[in-house]
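Only one structure is covered here, and it is reproduced in the block below.
The values are calculated or read from the model by the stated rules, or taken from the named source; none is laboratory data. Remember, it's a predicted structure, so these values are computed and weren't measured experimentally. Every residue, glycine as well, gets a Cβ built from its backbone with ideal geometry; the counts of neighbours run over all protein chains shown.
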Amino acid sequence: MSAVVARQTAVPNPRRWTALGFIAVAQLLIALDATVVSIALPSAQAALGASDADRQWVVAAYSLSFGGLLLLGGRLADLLGRKRAFMLGLAGFALASAIGGAAPSFGVLVAARAMQGAFAALLAPTALSLLAVTFTEPRERANAFAVYGSIAGSGAAIGLLLGGALTQYLTWRWCLYASLPIALVAAAGGWFVIPDVRSNARFHIDVPGAALATAALASLVYACSSASLELGALSVALGGGFVLWESRSSNPLLPLRIVADRNRAGIYLTVTAAIAGMFGAFLILTYFMQVVLRFTPLEAGLAFLPMTISSQAASWLIASRLLPHVAPRVLMVPGALLAAAGMAVLSQLHVDSSYSASILPAEILLGAGIPCVMIAAFSTATQGIDPREAGVASATVNTAQQVGGSLGVATLNAVSVGHGLTGAAAVGVVILVAGAVVAALLVNAKRPLTRG
């Protein structure tokens, strides 16, 4: 086994950079669909006759199936082979997008969004694990994860921009149809250049573990969305059952040594906090710009553009250059604190606040901070992992991302109802500072170039 790994390390895949491009396109597809429908919700609700109480399911159905099925998707990526899982994920996601775009009723739209989330749960860990096993040299790995991290950090904002433009100039249905050409490009290119990395493991699925993990994560995501203490308690109970089962399983869905590792545990918690803050900021900014400042959907989407530019700049000018040379927490801690500073600016919003004086500085700070956390986290969470378990390790960090997004939206929305947008932003500051503290205390991995 060691000889095989040594040969793979000594002779890198000559098409790895081309493969990276198509993996990045697939990640863009996932990141866009997390938010592209958000600005279109009022139009879709009116067209399909949904109630105010039901409209949340267009977003919740996606995050429920995505978050709940990620660990299973990661294990399937390990067992099916990553190229096969990649193509299957893209095909299923495209089919679900077509069904959603043509949905004749609200129920069909919600079902299509759940289907999108299910295939995203297969595609996301497959894409990340492909990077983990393809790029092992520290400098190349830093550049590869800069691409991935910049898309993960700015794709949601791009989704808001795209959703606003499609809704205003075409129809809300194109927010779903837009996924089709993206999936086609990723699949067409990926078929030729993505390596067919397969595991020698026997095909076996830990069915009880998959059921417990899916139920626990789905309960948690739904509890965050509905602020249900009962479902939160159920999630804790199911999670405890999952840990007990996995500790006794001969072929666990999630080997507990992956989450027991100090660095990975710190990364998962920090990623949860960072994404909770970012999606909470999207909620605050979207509401403030469209309701208080009276921006149109397109204007609101365009208003997020500085965050995207800031995110790309931080990814390439800061994170990718420093990652090979510094310990991960040297990027993660300042990144989380920079994002917290952006949320602190939002905590000072009032009815007379202007875009240029209040929102723009917050977007720049958030856009610069989050990629520094995410790029270091993605790289370190999959560093040194057994290639046979790269899929499930990637799924775990993606799960932290998805749960963080749901937790941030649910928590800050609940706070905003009782204490206004400034109160929600203040809670966002606390969440992001907590993420910085966790990274400082738990993530003690060395800089990549010192690893033997």
Checking L76 against (1) surrounded by fewer than 24 Cβ atoms within 10 Å (Cβ to Cβ); (2) modelled with pLDDT of 80 or more, which single condition isn't satisfied?
(1)
Could you tell me which residue of the stretch 218-257 is modelled with the lowest pLDDT, considering only residues that are among the polar types (S, T, N, Q) and surrounded by fewer than 19 Cβ atoms within 10 Å (Cβ to Cβ)?
S226
Counting just the residues of the stretch 294-311 that are surrounded by fewer than 16 Cβ atoms within 10 Å (Cβ to Cβ) and assigned to a loop (DSSP other than H, G, I, E, B), which one comes out farthest from the chain's Cα centre (by Cα)?
R294
So if I check each of L360, L346, L366, which one is buried (at least 24 other Cβ atoms within 10 Å of the Cβ), farther than 30 Å from D261 by Cα, at pLDDT 80 or above and not polar (S, T, N, Q)?
L346
Candidates G418, G405, G423, G391 - the one that is at pLDDT below 80, part of a helix (DSSP H, G or I), surrounded by fewer than 18 Cβ atoms within 10 Å (Cβ to Cβ) and not charged (D, E, K, R)
G418
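Can you name every residue in the stretch 158-178 that is in a loop (DSSP other than H, G, I, E, B) and either within 22 Å of the chain's Cα centre (by Cα) or crowded, with 21+ Cβ neighbours inside 10 Å (or both)?
Within the stretch 158-178, W172, A178 qualify.
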Has the stretch 287-300 got any residue that is touching a Ser or Thr at 6+ places or on another chain (Cβ under 7 Å), in the same structural domain as I39 (by TED's automatic domain parsing) and at pLDDT 80 or above?
yes
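Yes or no, residue by residue, for (1) in contact (Cβ under 8 Å) with a residue 24 or more places away in the chain; (2) within 19 Å of the chain's Cα centre (by Cα):
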| residue | (1), (2) |
| --- | --- |
| L64 | yes, yes |
| L70 | yes, yes |
| G74 | yes, yes |
| A77 | yes, yes |
| A85 | yes, yes |
| S105 | yes, no |
| V108 | no, no |
| A118 | yes, yes |
| P125 | yes, yes |
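Looking at this structure, is V351 modelled with pLDDT of 80 or more and either closer than 17 Å to Q383 by Cα or in a helix (DSSP H, G or I) (or both)?
Answer is no for this residue.
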Does S199 satisfy the condition of being modelled with pLDDT under 85, assigned to a loop (DSSP other than H, G, I, E, B) and of a type in the set (G, A, S)?
yes
Does at least one position in the stretch 427-444 carry a residue that is assigned to a loop (DSSP other than H, G, I, E, B) and farther than 17 Å from A341 by Cα?
yes
When the stretch 391-432 is checked residue by residue, the ones that are in contact with a His (Cβ under 9 Å, 6 or more places away or on another chain) and of a type in the set (A, V, I, L, M) are A426, V427
Long-range neighbours under 8 Å by Cβ, at least six apart or interchain, first residue outside the structural domain of T308 (by TED's automatic domain parsing) within the stretch 337-363, second hydrophobic (A, V, I, L, M, F, W, C) and at pLDDT below 90:
none
